[in-house]
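In what follows, a single structure is set out as C-alpha cells and then discussed.
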Amino acid sequence: MIKISERTERLLEFIVIGLVMGVSEDLLAVWLSTGEAITWNVLAIVFAIALPFAFISEYVVDHPKFWRATFGIKRKQSTAKNDEPGVK
C-alpha cells in the first residue's frame with residue numbers, strides 16, 4: 001500500500017473529485033440542457049466556473065476544522081484499525 005501525506009490526499013481529492021467530477025457534471029448539464037456542442041471555449045467556461053466551487057467544497061467545507069469552527073460540531077474521527085471488519 002502506498003503511504004501519502006494528508007496534504008497530498010486532500011490535493012488529489014480536490015483534483016479528482018472537485019475538478020474532474022465537477023467539470024464532467026457541468027459539461028453534461030450544458031450539453032443536456034442546451035444541446036450546445038462541447039468546444040474548447042465551453043470547456044474553459046465550465047472549468048472557470050467549477051474551479052471555485054471545487055475549492056470551496058474540498059478545501060473549506062471538507063476541512064476537519066470547518067464544522068467545529070462554523071457550527072461547533074465535532075466530526076467523528078475513525079481509525080483504520082476500527083474500520084476493519086471483525087477487529088475490535
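Values quoted throughout were computed directly from the atomic coordinates according to the rules given, and no laboratory measurement underlies them. No experiment lies behind these values; they were computed from the predicted model shown. We place every Cβ from the backbone using ideal geometry, glycine too, and count neighbours over all the protein chains shown.
As an exercise, use a Förster radius of 41 Å and the Cβ-Cβ distance of Met1 and Leu43 to find the FRET efficiency, rounded to the nearest 0.05.
0.70
Could you compute Rg(Cα) / (2.2 N^0.38 Å) for the range 6-74, with N its residue count?
Dividing the Cα Rg of the range 6-74 by 2.2 N^0.38 Å gives 1.35.
Work out how much length Ile15 to Thr34 would gain on full extension: take 0.36 nm times their residue separation and subtract the Cα-Cα distance, in nm to one decimal.
Net length gain for the segment: 4.2 nm.
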